[in-house]
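Trainee: The structure's right below; bear with me while I get my questions together.
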Amino acid sequence: MGKVNHMDRSTLLELNKITKAFPGVLALDQVGLKVGYGEVHALMGENGAGKSTLMKVLTGIYKKDSGQIIFDGKEMNFNSSMEAQLSGISTIYQEINLIPYLSVAENIFLGREPKKVGRIDWDRINREAEAIIDGMGISLDVKKPLNSYSTAIQQMVAIARAISVRAKLVVMDEPTSSLDEKEVEVLFKQIRKLKSQNISVIFISHRLDEIFEICDRITILKDGKLVGDFNIADITKVELVSMMIGKDATDIMAQAHGTYEAKEEATILKAEEIRDTVKLRGVSLEIKKGEILGLAGLLGSGRTEFAKVVFGDNVHHEGTIDINGKPVKLKLPKDAIARGFAFCSEDRKVEGIFPNMSIRENMTIAILPKISRMGIVDKKKQKEIVDTYIKSLAIKTPSPEQKIRNLSGGNQQKVLLARWLCMEPDLVILDEPTRGIDVGAKAEIEELIQKMSKKNIGVLMISSELEELVRNCHRVVVMRDGKNVGELQGEALSEKNILTVIAQGGMSDSFTAAERSMNNEQ
Amino acid sequence: MNNEQTSAITKSNFSSSSNLKKYGTLYALIAIVVLNCIITPNFMAINTFWNLSIQVLPTILTAIGMTFVISSGGIDISVGSVMAISAVMSGMVITEMIPALGTSVPMAVIFALFIAAVLGFLNGTIITVFKIQPIIVTLILYIAGRGIAQLMNNGGTIVFSNNAFTKIGLMRIGGAVPIQLIVIVVFVFATYYIFKNTKFGYYVQAIGENGEASRFSGINTTKVLICVYVISSVLAGLAGVFEASRASCADPNSIGAIAEMDAIAAVAVGGTSINGGKAMVIGTILGALIIQLITITVNMNNIPFAYSRIFKAVIIIVAVYAQREKRKS
Ligand SMILES: Nc1ncnc2c1ncn2[C@@H]1O[C@H](COP(=O)(O)OP(=O)(O)OP(=O)(O)O)[C@@H](O)[C@H]1O
Ligand SMILES: [Mg+2]
């Protein structure tokens, strides 16, 4: 690790001609990246472009096949992420890699616990963790196990951990994919603070607005190759997207939301006064055939919890659920599936993937009863389904037999979406469906959702991106503190109005009379 | 990326280390066979092969059952005790110790398997409904089971001379091929088929991979897991019946002793992860053969029996080391 003299003094990190191949995939092909001191550097590219792989090569999770890593003036070859951390690179990986059953505080200090006469100083850990968490403006009990909190909160804990390490560079691989606006704001405040301390950040996200808000420079990858790097000021959104997907993007950027034409008034789902012991304090709503209903609300407003009750995951609840006009008692998700429901969870790792099983097996696990006779799976049909969705969702893989854990995050998400779309359900609940999905694929998925609606499938969509709800939904129900507090549709359906309802905890006078009367009827 | 490039990458990456991982168990088996050809007198004879298939049957049956269990993310250490109970049960029917049942060979087999199924059902139900860890639940049956087997006949060995029953274990097809070999072939193919082509097979592996995701995918995990423990027990019961039939007696103290350990070892050597998931059926069979061959090697060369345990341990260490997930690629 000799000194590198020729490097210019303003550069903290320089990656030169990094190449990395996996069986059947050339993930990185001579990729370069330069990050200056105190710079927030965006790394952009489609799903499977090689962003996460590049970061894992940098932090020693993967060994590069060839290339050079120069960090803070020295050539480096880390053998583990711990080594990278000790040298000043702190990382938030795309898949949260904290330990679920340890407390929030333990997770924040894992591997660098403060000691007092040789023993771990628990008081100090809890105290300091609390200070860090408070400083980020989240309220939670740092002594509780991490898995008692939602994906978004866990993500915030991962962020808290990464920025509380004394680092020169913080790598953030899609830190915002499960966060909503308020949390993103908190994160950006922290990033600005890092920047002011001359600490650099590599920021990966598929949300363009975020890139343009926080980043100084941007490097674009496509199919494992470097497209180029730019000052953020010198590039427009349309140009950026075009370079990422390699074709003109004007039509992708301009997507209009459909309007609900009530062909059939039949109600698929009617939930009334749903309560549970923890979060829900009376949620009522209705979804009609072919309707796309959005659920908006802050973190912890109970959207996911409500979805899980409807899907039969939580038996400890009060209230009534009617499916197609008949009251039902759902004991397990399989009961909901038997009635034509599908649920794509936001928690990919815990509730979604079977990591060591193939794409084929992962995609068809829920549809097996429909494609088997006397317990024997019709492999031909299985293959048909898999091939169809690999193609229509553009899942990037060398083979359907690839283990799903070897796919990029966005491509894993596509497989899980396919698992439910292929069921041709009557009602599909999508919890953060486009989490980690690139702009191009997002447009395709949104189109698929519109198509489902045309086929009379009801859609319940939860998203932390209001823009996405407004663009896709016919109607949006706003939740707050475990209750539904308002409803918007037609002209009144806008980001601004949703935010107002969330903030006020109810409908205000600024909406049209029609909306108001509808709200009163509830 | 063009196709030529892709295939070049594929080739260069399937290096010798991943081959070792894939075929390590097979190499180990070949090594032991070769070793035996050299050191064991009269090893290279067709009779050795017939004898091996007779002796390995109980290990293969229990190891197949264990493959289901381990693939589902559990463990079953009660199989040795279940073997003993089933063997004694069949002996009691054959020797008319339960007059009400009359004496007939099918009756003996059916009752032996039935009692095994009940025990497996109990294991599975307690594990899923009361959410107690499999190792604890099956440990209870491991401890109590052999006691029950002993009590069933007041601790004594049941000796029987019922020709029809003892014939089962000694049957030779065409005067040469032992019935055990046929049973092995049938069960191996059936198991392979189940894991590759049936809903149940997919479900078992999915539960072992990720129980929570299985539930959300509409799998009735309780039902599947109970089936898994029933399968394991019934196969152990069948192993017990074959042992009793071959020996013309049912000794509750010795039948199935350390069978659970051999079964787990076979599965581990065969490459199924102890954490659950993908079932390696062929691996399990190779593992069972390795374990049995070690015993034979030791017996036929007059090496003190205690060594066989040491050898087994070494094989397990080597196999598991060769198969460990490599973090770096
Ligand atoms: N461990 C692995 N084994 C085999 N292939 C892999 C492995 N990790 C990544 N790949 C492949 O390398 C390519 C790049 O993946 P990577 O995860 O870096 O994409 P990404 O740009 O982070 O995408 P996303 O936006 O979906 O997160 C993909 O084609 C992926 O399938
Ligand atoms: Mg990624």
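The values are calculated or read from the model by the stated rules, or taken from the named source; none is laboratory data. A quick note: this is a predicted structure, and the numbers were derived from the prediction, not measured. Every residue, glycine as well, gets a Cβ built from its backbone with ideal geometry; the counts of neighbours run over all protein chains shown. Side chains are part of the model used for accessible areas, which takes the heavy atoms of the whole protein and leaves out ligands, DNA and RNA. Shrake-Rupley method; radii C 1.70, N 1.55, O 1.52, S 1.80 Å.
Trainee: Before we move on, is A:F22 open to solvent by less than 40 Å² (accessible area, probe 1.4 Å) and aromatic (F, W, Y)?
Mentor: No, not satisfied.
Table: residues versus (1) surrounded by fewer than 24 Cβ atoms within 10 Å (Cβ to Cβ); (2) more than 12 Å from ligand 1 (Cβ to nearest atom); (3) of a type outside the set (S, T, N, Q); (4) within 14 Å of chain B (Cβ to nearest Cβ).
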site: A:Q30; (1), (2), (3), (4): yes, yes, no, yes
site: A:L43; (1), (2), (3), (4): no, no, yes, no
site: A:N47; (1), (2), (3), (4): no, no, no, no
site: A:K51; (1), (2), (3), (4): no, no, yes, no
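Trainee: Related question: So if I check each of A:K34, A:K56, A:K64, which one is more than 16 Å from ligand 2 (Cβ to nearest atom), open to solvent by 20 Å² or more (accessible area, probe 1.4 Å) and within 14 Å of chain B (Cβ to nearest Cβ)?
Mentor: Going through A:K34, A:K56, A:K64 in turn, just one is more than 16 Å from ligand 2 (Cβ to nearest atom), open to solvent by 20 Å² or more (accessible area, probe 1.4 Å) and within 14 Å of chain B (Cβ to nearest Cβ): A:K64.
Trainee: I'd like to know if region B:188-209 contains one or more residues that are open to solvent by 60 Å² or more (accessible area, probe 1.4 Å), more than 16 Å from A:I365 (Cβ to Cβ), at pLDDT 95 or above and away from chain A (no Cβ under 14 Å).
Mentor: Yes, because at least one residue in region B:188-209 is open to solvent by 60 Å² or more (accessible area, probe 1.4 Å), more than 16 Å from A:I365 (Cβ to Cβ), at pLDDT 95 or above and away from chain A (no Cβ under 14 Å).
Trainee: Out of the residues in region B:143-182 that are under 15 Å from B:N51 (Cβ atoms) and β-branched (V, I, T), which is surrounded by the fewest Cβ atoms within 10 Å (Cβ to Cβ)?
Mentor: The residue in question is B:V177.
Trainee: Residue by residue through region A:346-374, note down the ones that are at the interface with chain B (Cβ under 7 Å from one of its Cβ atoms), part of a loop (DSSP other than H, G, I, E, B) and open to solvent by 10 Å² or more (accessible area, probe 1.4 Å).
Mentor: A:I353, A:P355, A:N356
Trainee: On to the next question. Taking region A:96-125 on its own, how many of its residues are buried (at least 16 other Cβ atoms within 10 Å of the Cβ) and within 16 Å of ligand 2 (Cβ to nearest atom)?
Mentor: Counting residues in region A:96-125 that are buried (at least 16 other Cβ atoms within 10 Å of the Cβ) and within 16 Å of ligand 2 (Cβ to nearest atom) gives 1.
Trainee: Return yes when A:I92 is within 14 Å of chain B (Cβ to nearest Cβ) and within 13 Å of ligand 2 (Cβ to nearest atom) and no when it is not. Give the steps one after another, and end with the answer.
Mentor: Working: within 14 Å of chain B (Cβ to nearest Cβ): no; within 13 Å of ligand 2 (Cβ to nearest atom): yes.
Here the answer is no, as A:I92 does not meet what is asked.
Yes/no per residue for (1) at pLDDT 90 or above; (2) part of a helix (DSSP H, G or I):
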site: B:I264; (1), (2): yes, yes
site: B:G276; (1), (2): yes, no
site: B:L289; (1), (2): yes, yes
site: B:V318; (1), (2): no, yes
site: B:K328; (1), (2): no, no
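Trainee: Answer yes if at least one residue in region B:238-259 is buried (at least 23 other Cβ atoms within 10 Å of the Cβ), closer than 30 Å to A:I404 by Cα and either within 14 Å of chain A (Cβ to nearest Cβ) or in contact with a Gly (Cβ under 9 Å, 6 or more places away or on another chain) (or both), and no otherwise.
Mentor: No, that holds for no residue.
Trainee: Between residues in region A:297-317 that are more than 13 Å from chain B (Cβ to nearest Cβ) and residues that are among the basic types (K, R) and part of a helix (DSSP H, G or I), which pairs lie under 9 Å by C-beta distance while being six or more apart or on different chains?
Mentor: From residues that are more than 13 Å from chain B (Cβ to nearest Cβ), the pairs are A:G297/A:R303; A:L298/A:K182; A:L299/A:K182.
Trainee: Let me ask you something else. Residues to consider are A:K56, A:K17, A:K74; find the one that is of a type in the set (K, R) and within 15 Å of ligand 1 (Cβ to nearest atom).
Mentor: A:K56
Trainee: Related question: Given the conditions (1) open to solvent by less than 60 Å² (accessible area, probe 1.4 Å); (2) modelled with pLDDT under 95, which single one is not true for B:L119?
Mentor: (2)
Trainee: Let me ask something else. Hey, does region A:407-415 have a residue that's away from ligand 2 (no atom under 16 Å from the Cβ) and either open to solvent by 10 Å² or more (accessible area, probe 1.4 Å) or at the interface with chain B (Cβ under 9 Å from one of its Cβ atoms) (or both)?
Mentor: There is no residue in region A:407-415 that is away from ligand 2 (no atom under 16 Å from the Cβ) and either open to solvent by 10 Å² or more (accessible area, probe 1.4 Å) or at the interface with chain B (Cβ under 9 Å from one of its Cβ atoms) (or both).
Trainee: For the structure I just gave you, tell me whether A:I70 is away from ligand 2 (no atom under 16 Å from the Cβ) and not in a loop (DSSP other than H, G, I, E, B).
Mentor: When the stated conditions are applied, A:I70 passes them.
Each row is one residue, and each column tells you yes or no for (1) away from ligand 2 (no atom under 16 Å from the Cβ); (2) open to solvent by less than 70 Å² (accessible area, probe 1.4 Å).
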residue	(1), (2)
A:S177	no, yes
A:K189	yes, no
A:H206	no, yes
A:T219	no, yes
A:K222	no, yes
A:V227	yes, yes
A:D234	yes, no
A:L240	yes, yes
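Trainee: Name every residue in region A:388-430 that is in a helix (DSSP H, G or I), more than 8 Å from ligand 1 (Cβ to nearest atom) and under 30 Å from A:Y62 (Cα atoms), in order of residue number.
Mentor: A:Y389, A:I390, A:K391, A:I404, A:K414, A:V415, A:L416, A:L417, A:A418, A:R419
Trainee: Can you tell me how many residues within region A:431-460 are part of a strand (DSSP E or B) and over 12 Å from the mean Cα position of the chain (by Cα)?
Mentor: Residues flagged as part of a strand (DSSP E or B) and over 12 Å from the mean Cα position of the chain (by Cα) within region A:431-460 amount to 3.
Trainee: If you take the residues of region A:74-87 that are surrounded by 14 or more Cβ atoms within 10 Å (Cβ to Cβ) and either at pLDDT 95 or above or under 18 Å from A:K17 (Cα atoms) (or both), which of them is farthest from ligand 2 (Cβ to nearest atom)?
Mentor: So, considering only residues that are surrounded by 14 or more Cβ atoms within 10 Å (Cβ to Cβ) and either at pLDDT 95 or above or under 18 Å from A:K17 (Cα atoms) (or both), the one farthest from ligand 2 (Cβ to nearest atom) is A:E75.
Trainee: Determine whether region A:379-394 contains at least one residue that is within 10 Å of another protein chain (Cβ to nearest Cβ) and free of Cβ contacts under 8 Å to residues at least 12 places away in the same chain.
Mentor: yes
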